[in-house]
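Worksheet: one structure, shown below.
Each reported figure results from applying straightforward, stated rules to the coordinates on display, with no laboratory input. No experiment lies behind these values; they were computed from the predicted model shown. Quick reminder, even Gly has a Cβ in these numbers, built from the backbone with ideal geometry, and neighbours come from all protein chains shown.
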Amino acid sequence: MHEMSITRSMLEITAAQMEANGIHSLKKLKVRIGELTAVEPDVLRFCFDIAIKGTPFEGAALEIEEVPLGGKCRICATEFKITAFENRCPKCGSNEIERTSGHELDIISLEGD
Amino acid sequence: MHEILIEEKILARNDEIAAENRLALSDKGIYTINLVSSPGAGKTSLIESMADELKKLPVSFAVVEGDLEGDFDAKRVERRGVPALQITTGRACHLDAHQVSHSLQWVFGHAGLELLIIENVGNMVCPAEYDLGEDAMITVMSTAEGDDKPLKYPAIFTASELLVINKTDLAPYTDFDITKARENALKVNPYLKIFETSCRTGEGVKEFATYLAELAKAKRRS
């Protein structure tokens, strides 16, 4: 279950950012998780809640922005959501598809005092 | 209340170390593979089977083995006359760039090395997110598994450049449909290059080893 090591990496970045910005108590952490990553949002929430117990982050909320697998047609430039790995443009039928989103594993922002 | 914008990759630190590994390995002209699969698909057997072929070509290669416990795999590979270093991850379900960075001193101790195979912990989920500094990720799936595996574990198949369908000798005895497996894999990742091997009969092993050798030689020339 690598969501725990992902959580640890998230909290390392958070701690460094809190220190740099003089934040002492964390209220919320916002992250962005793509559909095509091997990270399961529910498991990540579970790991986050466990990992922050008894730490200065205790009580903070984790907000996850889930990003679907997105595609852009190289022929007609239509942007769309790819479902069931259907690599076909819904508008012109081309299979020249560029994947534009779904690999995100980002920390967006934090809120605190 | 303050909101602080961060906008950083969660695995930024791993990616940084992976980039350092990649640079150090490239400096020495070593082509590096991150070999992944579910447990038991035949990663170690594939390395064992390729050992003689790679030696004949000849390609100088070494193996870094990642496992939770023990040095069983490193010993298996060493018996084929291939230098192998075992990394034990303890409870971690994947190798990360930091662990691999500690093995580089050992790797660079082998002069003239052309190919490094890093055999990751048997796991089709977690290794997908951890760049080790490799040139290519290669997924192995076997005919003892389901041919729908690419659709169920898309992250690892999209992160890979090559796919090896192993244990082709078993296919007649299972419900695994190789054509369907290829279709599913290409649906998830249209850019995958696919090989079929059997470590038992040796079928396809030479072709795969030769392809890796070409990649390694091409890197050395560049």
Next on the checklist: Taking the alpha-carbon distance from A:Lys72 and a cut-off under 13 Å, which aspartates and glutamates remain once sequence neighbours fewer than 8 residues away in the same chain are dropped?
Outcome noted: A:Glu86, A:Glu96, A:Glu98
Checklist entry - Which value, in debye to the nearest 20, gives the size of the charge dipole of the range A:46-88 about its Cα centre, when Lys and Arg are +1 and Asp and Glu are -1 at the Cβ? => result 360
Checklist entry - Roughly what angle does helix A:3-21 make with the longest principal axis of chain A, taking Cα atoms, 0 to 90 degrees, to the nearest 10? => result 60
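Largest first and in whole Å, give the semi-axes of the range B:66-117's equivalent ellipsoid, each being the square root of 5 times a Cα gyration tensor eigenvalue.
Semi-axes, largest first: 19, 15, 7 Å.
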Checklist entry - Among the GluC sites (Glu not before Pro) within the range B:64-138, which fall in a DSSP loop and have no more than 11 other Cβ atoms within 10 Å of their own Cβ? => result B:Glu69
Checklist entry - Alpha carbon centre of the range B:60-130 versus the range A:3-39: separation in Å? => result 29
Checklist outcome for this item: Proxy exposure order for B:Ile4, A:Ile33 (fewest C-beta within 10 Å first) is B:Ile4, A:Ile33
Item to check | All-pairs alpha carbon distance profile, the protein assembly as shown, 10 Å steps from 0, percent | outcome: 6, 23, 30, 25, 13, 4, 0
Checklist entry - Pulled fully out, how much extra length does the chain show between B:Glu78 and B:Glu203, if you take 0.36 nm times their separation in residues and subtract their Cα-Cα distance? => result 42.7 nm
Next on the checklist: Run the helix sum for the protein assembly as shown: -39,500 (n - 2.57) per DSSP H stretch of 4+ residues, divided by residue count, reported at 222 nm to the nearest 500 deg cm²/dmol.
Outcome noted: -11000 deg cm²/dmol
Checklist outcome for this item: Helix A:41-51 sits off the longest principal axis of the Cα atoms of chain A, rounded to the nearest 10 on a 0 to 90 degree scale, by 10
Checklist outcome for this item: Long-range alpha-carbon pairs in chain A, meaning those over 20 Å apart, account in percent for 49
Checklist entry - Between A:Arg45 and A:Ser109, what length in nm is gained on full extension when 0.36 nm per residue of separation is reduced by their alpha carbon distance? => result 21.4 nm
Item to check | Positive-end residue, chain A charge dipole about Cα centroid, Cβ charges, pick of A:Phe85, A:Ile107, A:Ile64 | outcome: A:Phe85
Next on the checklist: Using DSSP to call loops (not H, G, I, E or B), can you name the trypsin sites (Lys or Arg not before Pro) in the range A:9-64 whose Cβ has at most 11 other Cβ atoms within 10 angstrom?
Outcome noted: A:Lys53
Item to check | Surface/4 estimate of mean projected area, convex hull on alpha-carbon atoms of chain B, nm² | outcome: 14.1
Checklist entry - So which cysteines of chain A have no other cysteine's Cβ under 4.7 Å from theirs? => result A:Cys47
Checklist entry - Of A:Lys30/A:Lys81; B:Lys9/B:Lys193; B:Lys43/B:Lys167; B:Lys167/B:Lys217; B:Lys43/B:Lys193; B:Lys9/B:Lys187, which ones are farther than 19 Å apart at the Cα? => result A:Lys30/A:Lys81; B:Lys9/B:Lys193; B:Lys167/B:Lys217; B:Lys9/B:Lys187
Next on the checklist: What's the magnitude of the charge dipole for the range B:12-221 around its Cα centre, counting Lys and Arg as +1 and Asp and Glu as -1 at the beta-carbon? Answer in Debye, nearest 20.
Outcome noted: 440
Item to check | DSSP-assigned coil residues among chymotrypsin sites (Phe, Trp or Tyr not before Pro) in the range B:130-200, each with at most 10 further Cβ atoms within 10 Å | outcome: B:Tyr191
